[in-house]
Every structure is written in structure tokens, then in C-alpha cells.
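Undergrad: Supplied in C-alpha cells, the structure appears directly below.
The values are calculated or read from the model by the stated rules, or taken from the named source; none is laboratory data. Here the structure is a predicted model, which is why all the values come from computation and not from measurement. Glycine gets a Cβ as well: all are built from the backbone with ideal geometry, and neighbour counts include every protein chain shown. These accessible areas exclude ligands, DNA and RNA; they are computed on the full protein's heavy atoms, side chains included. Shrake-Rupley method; radii C 1.70, N 1.55, O 1.52, S 1.80 Å.
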Amino acid sequence: MQTLDVSKKESGKIWHRKPTPSGDDGLMIQINRDIASPFSLQSRSVRFLHTAFDSTGDRFVAGDHQGNVYVFDLLRNRFQLVQRTGLACSALAFTLRRKSEFLVALSDCSLKCYDTDTRELVSWMKGHTTPIHTISIHASGRYALTTSNDIAQLWDLDTFERKRKLNVRESVGILKVFFLPLSNTIMTCFKDDSIFAWESDTLQCKYQLTIPPGKKPGYKAFSTPRDGRLLVAGGKSRFLHIWALDTRRLLRIIELPTKVKVVKQLEFLSESFDGGSSQVIGVLSQDGIMRFINIHTCKLLFDIGTLDDRIHNVSVSSHGRFLVAVAESGNVNTYSVQALTAELNKPPPPLVKVLSGKDRSSDSSRTLRSVTPRETVTIDTTEKKKSRMIGSGIKARQTAEAETSDLPEGLDMDRLLSILKGYGEYPSKYRMFIWRSIVRLPENHAAYSSLIDKGTHIAWATVHEQYPIKSRKLLRVLQRTLSGLAHWSAIFGETDYLPLLAFPFVKLFQNNQLVCFEVVATILLNWCQHWFEFFPNPPINVLSMVENVLAYHDKEVLQHFVRYNITTQIYAWPLLETLFSEVLTKDEWLKLWDNVFSNHPSFLLITVVAYVICSRQALLQCTNKEDFEYFFHHRNSIDIGAVLKEAYHIQDATPDDIHPVRMLEDFKPLTKGQYPVFNKYPKFIVDYQAQERERIRHDEIEYLRQKQTAMELKAETERRQEEEEAWYRQQELMKDAEEERRKLLMEEEQKLVDQRVRLNAMKRELRIKEMQLLDAARRKFIHHEKDQRETELKRLDEELARKVMLREQETHAALEDVEIKNMELQIQKKMLTQELLRLKSESDYHRKEDYDAKRKQHELEERIRLQEMERERERQHELRKGIQRTLAHTEQLGTDANMRKETEVRGRLDDIEKELKSVELASLNDQNRQLEEEIHDLMRKLEQSKLEQAVDEQEQYNKFKALSEASERRRVELLQEEATLAREHAEELRASLDASFERLRDLKEKHTDHAVITPVMTDSQRQGASADDNTCLNDTSPPAEPDVPFSLDRGRKTFEKREHDLLREVRELRRRLASESRKSQPPVNFNPDDDDI
């Protein structure tokens, strides 16, 4: 069998040598796809899901779980990756009318069509809401039926459009919808086991197949042959129902083997000359095995698939030569139908006739029989060589052969021996199966589980230290197998060479630990007989048998061993305790054990002698003991075939008295249910060793406990010593630190004394400075009051000056407003004049337009008349003449008109001049309007800026006011402190102060009443002012009473005089208050000679 890994390249050859499928399984090639995993060293297998053949039957497509679609051409021996869809496929179809196109249904419920040559997407069809599970193509390749769980749709593959759609209730569900071959009939199969036939053109129901009465079959699979005459259905039962679609009747019911519980898939196997009426159908059941049955003879022909790697689905080529099966492991297995049916197509074997008659030289009479070549005929004659075995040995071996002739799983020991004799070994694919059959493993799951549940045996708990194995899985299986053997029999917990003996089988059966355990137990029970009688020494009796056989067949080698003191423990025991695994390769070892398992248990000892004899040339050259030991512990260049041939020769040529078969019992398989008792060993020695090991283990545990306790005590003592030393060091450090702190404290105390002295001196200085500062503060406060009052007076002066300036600015602004208003009135007057001129010019313009229109109309009529008269060659010349005549006539008319309307023309000229002036006035008005808009914008911006400035000044004034209020509060507090010293005098002065402040308030009110009032002019007054451009605001205007004149200059002088009088009175009042307060309580350094404040 060949294998192909398609993950390494996108195209290439399917097989590199011509496939030769065997008749046993017919497997041509196994296709897989293994990709490297980024997180582990082991590769990961990508499963193939579906396959489909094309109409020729030589090519098929296969889609994997990752959405990759491959095309395999079995005829051209090529494969190619044609598409990466990115989604897992749920169905495939490759029998379209265009041979290079195929349909693939994806897991996203879509249906796509690709081209294998261009690798391009041909069409993308949508319409299903659940994944498509079957695709059926019409015989013409033009139409396709796709089926999902809830809907079936008919597609036109020429236009890739949906033609029909079949909807059903959710409670019913669709199983399969497909075309019948060579017809236009569509079969629909539902989950309620109803089957209908429809006409594909009109979609009219043709008929319904009747279901046999009784329990519902629960159909799951359907199939028809190429001629479309039969329909086979199977489901959740062991019965196949076959209908004849011509008569629409149930033809027969086939009962399948008892192993079949559910039918998953049905496929007819076509033949070359059957005309489409196939007779062989393949039935894929729940156990993953596809059985091919003749529906007429109801015979099982052959099957494919195994229980280890079950088949998931199968595709059959149209010509019936190839089968493609997708296994549960994800591999695609390609089978040759010719190889599978080779045994069936053989001609009948010839008859062999044996003549029987009387013959004096024979001991018994014979009869004539007809036998086939498969049967074995044993003829015993007196001329046969006399057997070398004793009578009892012959009977025992004959009994063993009779017991092993009928092996399980239908094997025949005679045929196995013939295969072994012909090929020297069993087929590698079936070797494990043959071994398990030969040794008749009982597969006692319960007994094995009870042994494994006891856990790891104490004797093999540290097997990894003595035998380090890189694979943790292999080490775990070895430890579990050895522990199970030790729990089965105590001797195997004391046997130190048991890992060497069991490891080859552990490595071989690591995936099936039960089989591994039972194979090793069978070997220990049969091929290791008498090995443990001299335990713990090597089996002297078994080695003596080997030495006796060697002495009989090759005395020279034995004498060479004796000469150099080489015993059987050096040249025989290493081969036996490792079962030849050290000196043979894997293939040689497997070939050896094919022969060992197929012969008497004594064959293993004879093989040791044969190995020594075949190595005699190399052994005779060895003289050192180390050389002999190295030879029997390492691989040597020996042909295993020659060793086995020599072993068979020794087995036949060894006398019965020294033959190992005399001492060894026949093969006995393990008993079913429970494993046999194994007590063929010196129990007292094993028990003594077990007791000694247990005592040593306890002593070791006690020693380790005491050692641990001693270590803990030592660690505790060291810890305490370290803590004590650390405590002493800490005490020393604390003592030093205490001394340093005392010195620091003394220094700090001295510093504190010095600081107190300096502090007292500073306090005295501070008191003196405080007194000086208080005196200075009083003086400073007096000066501050003086400055503040001067500042207040200055502020009042500035306020008065500012108000005067504002009054002047307002007066100037009023004059400018009056001038501007006068100008506005003048402009309005001019605008009215211009408007009158404009209206007049417009009326003149309309009159002129009417005159021009009449004139143009007259000219147009004249031109049309001239054009109609002059259509010949001299059309342009005549036209000029007409124009000249028209001009002459017009001039004459103009002269007459000028004479009559000279006055009217002059009037119109005046109107035109007025109109020009009005235009100029309009332009000037537009310019003035733009200037006015700009002035208004500037005035608005100025007003906004002044408003913002006023807000800022108001905020600053509020801040200054808050500061002045704070200073006023502080001043009031100081005054209150001074008032407490002279409260009586203050009360006497309060009445006078109140009177003074009342007078001041009256003066302020008078000042407010005599403030400057800006005259507000009414509209009539403004109009009067604008009417007379020479009016001046400083002149006396006629008031309502003509006898009382009013002048703004005189009012200003009166206001200034009153303001100066008010300021003079305020200063006089402040001076008087200050002098009275000084007289009542003068300051500390008061000098009456100082100037008044």
C-alpha cells in the first residue's frame, strides 16, 4: 500500500510506482493531508470530508475540512489543488455538462461552481438556509438538485438560476431529492418514510411507492442502478427494501447480517457488460464497514473498511473500477474493484483424484476423494523418515496442533504456517492481528482493570531512574505494564530484567495496553517456563538445555567457550532475558517472533543455539571475556533468515533425549475471565526478598526521616546561632547608637541654652523695635491720612475737570450733530430734485423708445419689401440702392421734421442733461449711503467698545471701592481704639459732627440741583436749527419768555464758583475736626508747634 501526503505541494504524481493492490483489501493508495502544528512538534491531520467522481470515472474531487478542493486523475496519475474555499464542504458533484466544472456545497449554506482548468469561480448560488447535504445531477448535466433539511431546489446549470423550490413542513423534513438515471423523473424521500416520483418538466406527481406494513423502516439511504429500474432503500433496521420502478411494486426484502444495525449509505457497483442493471450493491453500516452484496443471490461478496479506521462515506466510479472511501481518520482510501473481486472471478479449481488400491508396501488402504487445492492432504508412508521425538512428545505436539488449527477470527494455522514457510514472515499490515490470534488473547478487561487500579507497584516506582526513556508516554505504558505484572505475581516485582524483556512489546503495542500486558504475560507463561525456579539466579536448567543442544550440534564452539571460561550466563542468558531485542533490528526481531509465536515454546531456546552457531566464526576469534559480553549485548552482521533456517534444522535434527520440547510444556493461552495463577518460582526466596525489600524500604524511610529530622535540627541550631549573633550585634549597635544619641542630646541641650539666651536678647530687641515701629506706624498713619485726604481732594479736582471736559465735548458734539442734520436736509433736498429729474428722464426715455420702435418697424418692413423684390444676382447692388433711396427720403423727412420740431428737440436736450445730472446725483447718493453705513458701523463698534470700557471701569471702580471700604474699616477700627480712650469727649463732639455732616449733605444736594443740564431739542427746534445754517449754540436763543435770556457760558461760571465754595467749606470742616481731636488727646510725640494737618 502506498500513501500520499498532499499537504507538501499543490500538484504532482499520485503514486511513484505502479500500484499493486492485494486481494485482501484491494487498497491502492491512501491519501492524507498532515500539516505542521506551530505549537507542537507533531503534525496535525486535516480531515477529508467528501469525494465525487466525474462522468468518466477516472477523476474525482475531494474536499477537506479547511475548504481545500483537490482533483485526482487516476488515469494520468496526477493530482492538483484547484480551489481554496476557506469553508468546509458539505457535498460535491463532478458530473456537469462542462467537464471541467464541479459544484461544491459549503458550510455557509451556499452553492458554488468552480472551473478546474482556470481555477476561477464560475457562479455563486444562494437560497438555502441550512447546509446542503446532497447534490444530484441530471443525466444531461444541465440541471442540479440540491437538498437540505428543510428545502430542495432545482437549478439550471446553464444560467445558474433557480427554477423550482420545494418547501415542506418542519415536522416532516426532507431526506433526499435526486434524479433517476436515464429519465426525467425526480424522486423525493421524506423523513416520514414517504417516497414520491415527480415529472421534472411539469413537476406533477407520477406515483408514490408503498411502504411495507409493520414497524417503520426509518429510511436514511437510497440508491438506484444506472438503468434506473430499481430503487433500494435502507435505514434504521437490518432490512433492504428493493422496488421495481417499472411496476412500482416492492420486489424483495434483503435481511443483512446481525452486525448491521443501521444503514448509512447505499451505492450500486457497476460492471462493464451489465448494461446498467447492476447486481452488486454496497451497504455502509454503523460499524464503518461497507459490505457488497448480490441483490439477486443475496450473498455477501466482499467488504472494505476496518473497525480501527471506519469508513465515513464512499464514492463509486461510473465504470465500477474504483472505490473512494473517506475514513473517520480523515484519510481518502482508493480501492481497486478488480482486486477485490479477483477471488470471485477465478475459474473453478480442478479436481484432484487420488487412486486407492492394495499395495503391499503401504500400511493402510486409501480411498478416492475429490478435493480442492486449498485442502491439505497428509500422506503417511513407511518410507517417511522416522520422527526424532519421543512418543509422548509427538502426542503432545499433535494435540497442540489440533487445538491451534482453528484460530479465532476465521484464521487457519496451516495456512499461516504455509505463508510463514513461503515468505519467512507474516505481512506487516496483519502481523499484530495474526499474533493476537495465535496466542489467543482473552482480552480480560475487568481483570486487567483490577490490576491497573492497584496503582504503580512499589518495585517499579523508580523505573525511570534505571531505564530513562525519552518518550513519557512510552515510559508510562512500560511502568503500567510492569506494575500490572507485579500485582499479578510477586516474582515479577523482583525480576530485574523484566523491563528489558517487556520493552519491545510495550513499544509495539503502546496504543493498546491490554494487548501489551496479555502478550507479555503469555510469553512469561509459555516461553519463559522454568526461568524462575532458581531465582534470583539465572535459570540453570534452561541454560543447561541450551548447552546440551549446542554440545550436540557444535562441540568446537562449546569447547572454545569452556577454554575461555565462557558460561551460558554470558552467551545464552543475555539473548533470552532481552528476547533478542539487543542484537536484532526491529524488522529482524519481528521476523524472528513471527516464527517463535508459530512454533513450540522450545523454539526460542533452539534459536539461541542457532544464533551462536551462525556466529561461530566471529566467536572463535574472541578470546577475552569482555569481547564475548560485548558480542551478545550488541547488534552483529548476521542474517536472521540463516538463523531461522538453522533453528528449524536444529529443531528437526536434535535427539529426543536432549530436545527442549521434552522439558517444556506445550503452549497454553491465558484463561478467559481471570488470569491464571503464576507460582512457579521459589516463593520463600521471593517472599524473603520482598520482606527484605520492605524492611530496607522501611529502614530507608526511617533513615530519611531521621536524616530529615537531623537536618531540621541542624538548620534550627544554625538559625538560632545566627539569631543570637544577630542579637548581640544588634545590642552592640544599640549601645553605640545610645552613646551617640547621648552626645547629640547634650549638644542639643547646649544649643538650646544658647538659643534661649539669644532668644531673650532678640525678644528685648524686638520689644524695642516694636515700640519704635508702633511710633513709626503712628506717624506713618498720620502721614497716610494726610496723603489720603490730599488724594481725595485731588480726585475731586480731577472729577470736576473731567466733567467740565465732558460738558465741552457734549457741546461740540451737539454742534456737529446740528451741522450733520443740516447737511442731511440739504442732501434730502438734492435727492428729491434728482428724483424729479429721474422721473422726467424716464418719461422722455419711454417716448424715445416708442419712436425708435416705430422707426425700426418701418425700416424692417422696408427691408423685407426690398428683399422680396431683389432675388437675383444684383441683390446686394439693388439693396444698396434701396438703402440710399431710403436714406435720401429719410434725410428729407428729417429736414422737414427739424424745421417743425426744433423747439421740441431743444426741450429734449434739456431733459437729457437733467437726466445725466440725476444719474450723477444718484451715484453721489449711493456713495453717501455707503459712507453713512460705514459711519453707522463705526459708531456701533465705538459704542460697543465704550460699553465694554464702561463695564471694565465699573469693575475697577467696584474693586477700588472694596479696597477703600477695607481701608475705611481699618481706619474706623483705629479710630475706635482712639475713641475708647476719650469716649466722653467723642460723645460731646458727635452732635457737632452730625450737624456738620447734615450741612455737607445739604451742600451736596445743592450741588446736584445746580449741575449742568444739556438742553434737549425737540424735532421742531432741530428743524428750525437746520433751516438756519448760521445758528450758534453759544448765542442766546429766544426762550418761551422773551424777557428772560439763557446762556450756557453764564451757567458754567456759576457752577464753577459754587463748586469752589463747597470745596473750601469741606477743607475748613476737616481742619476744624482734626484740631479738636488733637486737643482732646495729643499723640506721644506731639509738638504743638507743628503745622496743622
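Undergrad: Here is a check on your reading of the model: is GLU824 part of a helix (DSSP H, G or I), at pLDDT below 80, surrounded by 13 or more Cβ atoms within 10 Å (Cβ to Cβ) and over 60 Å from the mean Cα position of the chain (by Cα)?
TA: Taking the combined requirement at face value, the residue does not satisfy it.
Undergrad: Right, something else. Give the residues of the stretch 493-507 that are farther than 19 Å from LEU575 by Cα and assigned to a helix (DSSP H, G or I), sorted by residue number.
TA: GLY493 - this is the single residue of the stretch 493-507 that is farther than 19 Å from LEU575 by Cα and assigned to a helix (DSSP H, G or I).
Each row is one residue, and each column tells you yes or no for (1) closer than 14 Å to LEU482 by Cα; (2) over 50 Å from the mean Cα position of the chain (by Cα); (3) part of a helix (DSSP H, G or I); (4) touching a residue at least 40 places away in the same chain (Cβ under 8 Å).
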| residue | (1), (2), (3), (4) |
| --- | --- |
| CYS516 | yes, no, yes, no |
| GLN529 | no, yes, no, yes |
| PRO536 | no, yes, no, yes |
| MET545 | no, yes, yes, yes |
| HIS560 | no, yes, yes, yes |
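Undergrad: If we keep just the residues of the stretch 177-203 that are at pLDDT 85 or above and open to solvent by 60 Å² or more (accessible area, probe 1.4 Å), which is nearest to the chain's Cα centre (by Cα)?
TA: That would be LYS191.
Undergrad: Next up: Report yes if LEU576 is hydrophobic (A, V, I, L, M, F, W, C), open to solvent by less than 10 Å² (accessible area, probe 1.4 Å) and part of a helix (DSSP H, G or I), otherwise no.
TA: Spelling it out, LEU576 is indeed hydrophobic (A, V, I, L, M, F, W, C), open to solvent by less than 10 Å² (accessible area, probe 1.4 Å) and part of a helix (DSSP H, G or I).
Undergrad: I would also like to ask the following. What about TYR467, is it buried (at least 17 other Cβ atoms within 10 Å of the Cβ) and aromatic (Phe, Trp, Tyr)?
TA: Answer is no for this residue.
Undergrad: Then there is this: Could you tell me whether any residue of the stretch 341-349 is open to solvent by less than 20 Å² (accessible area, probe 1.4 Å), closer than 21 Å to VAL232 by Cβ and either at pLDDT 85 or above or hydrophobic (A, V, I, L, M, F, W, C) (or both)?
TA: Looking for residues that are open to solvent by less than 20 Å² (accessible area, probe 1.4 Å), closer than 21 Å to VAL232 by Cβ and either at pLDDT 85 or above or hydrophobic (A, V, I, L, M, F, W, C) (or both), one finds none in the stretch 341-349, hence no.
Undergrad: Do you know which residues across the stretch 902-921 are touching a residue at least 24 places away in the same chain (Cβ under 8 Å) and either open to solvent by less than 80 Å² (accessible area, probe 1.4 Å) or of a type in the set (Phe, Trp, Tyr) (or both)?
TA: Result: ASP911, LYS914, GLU915, SER918, LEU921.
Undergrad: Any idea which of (1) part of a helix (DSSP H, G or I); (2) crowded, with 23+ Cβ neighbours inside 10 Å is the one LEU584 doesn't satisfy?
TA: (1)
Undergrad: Would you be able to tell me the number of residues in the stretch 263-274 that are of a type in the set (S, T, N, Q) and either in a strand (DSSP E or B) or crowded, with 20+ Cβ neighbours inside 10 Å (or both)?
TA: 2
Undergrad: Test LYS236 against the criterion of being crowded, with 19+ Cβ neighbours inside 10 Å and of a type in the set (Lys, Arg), and give yes or no.
TA: When the stated conditions are applied, LYS236 does not pass them.
Undergrad: Now for a separate question. Just give me the residues in the stretch 888-901 being open to solvent by 90 Å² or more (accessible area, probe 1.4 Å), assigned to a helix (DSSP H, G or I) and of a type in the set (D, E, K, R), in sequence order.
TA: Result: GLU891, ARG900.
Undergrad: Which members of the stretch 577-619 meet the condition of being free of Cβ contacts under 8 Å to residues at least 40 places away in the same chain and more than 56 Å from the chain's Cα centre (by Cα)?
TA: If the condition is that a residue be free of Cβ contacts under 8 Å to residues at least 40 places away in the same chain and more than 56 Å from the chain's Cα centre (by Cα), then TYR611, CYS614, SER615, GLN617, ALA618 are the ones that fit.
Undergrad: Can I ask one more? So if I check each of GLU816, GLU790, GLU798, GLU808, which one is surrounded by fewer than 12 Cβ atoms within 10 Å (Cβ to Cβ) and under 20 Å from TYR957 (Cβ atoms)?
TA: GLU798
Undergrad: A follow-up question, please. Which one of ILE613, ILE606 is open to solvent by 10 Å² or more (accessible area, probe 1.4 Å), part of a helix (DSSP H, G or I), in contact with a helix residue (DSSP H, G or I) (Cβ under 9 Å, 6 or more places away or on another chain) and at pLDDT 90 or above?
TA: ILE613
Undergrad: Next question. Among the strands (runs of 3 or more DSSP E) contained in the stretch 97-150, which hold 3 or more residues that are out of contact with any His (no Cβ under 7 Å at 6 or more places or on another chain) and open to solvent by 50 Å² or more (accessible area, probe 1.4 Å)?
TA: Hits in the stretch 97-150: 121-125.
Undergrad: Also, quick follow-up: Condition (residue is over 30 Å from HIS600 (Cβ atoms), basic (Lys, Arg) and either open to solvent by 100 Å² or more (accessible area, probe 1.4 Å) or at pLDDT 90 or above (or both)) applied to the stretch 679-702: is it met by at least one residue?
TA: Yes, the stretch 679-702 contains at least one residue that is over 30 Å from HIS600 (Cβ atoms), basic (Lys, Arg) and either open to solvent by 100 Å² or more (accessible area, probe 1.4 Å) or at pLDDT 90 or above (or both).
Undergrad: Restricting to the stretch 770-787, name every residue that is closer than 29 Å to ASP1061 by Cβ and in contact (Cβ under 8 Å) with a residue 24 or more places away in the chain.
TA: If the condition is that a residue be closer than 29 Å to ASP1061 by Cβ and in contact (Cβ under 8 Å) with a residue 24 or more places away in the chain, then ILE782, GLU785, LYS786 are the ones that fit.
Undergrad: Related question: Within the stretch 840-880, can you find the residues that are touching an Asp or Glu at 6+ places or on another chain (Cβ under 9 Å) and closer than 21 Å to LEU909 by Cβ?
TA: Result: LYS840, SER841, GLU842, SER843, ASP844, TYR845.
Undergrad: Tally time: how many residues in the stretch 400-436 are at positive phi, exposed (fewer than 14 other Cβ atoms within 10 Å of the Cβ) and at pLDDT 85 or above?
TA: 0
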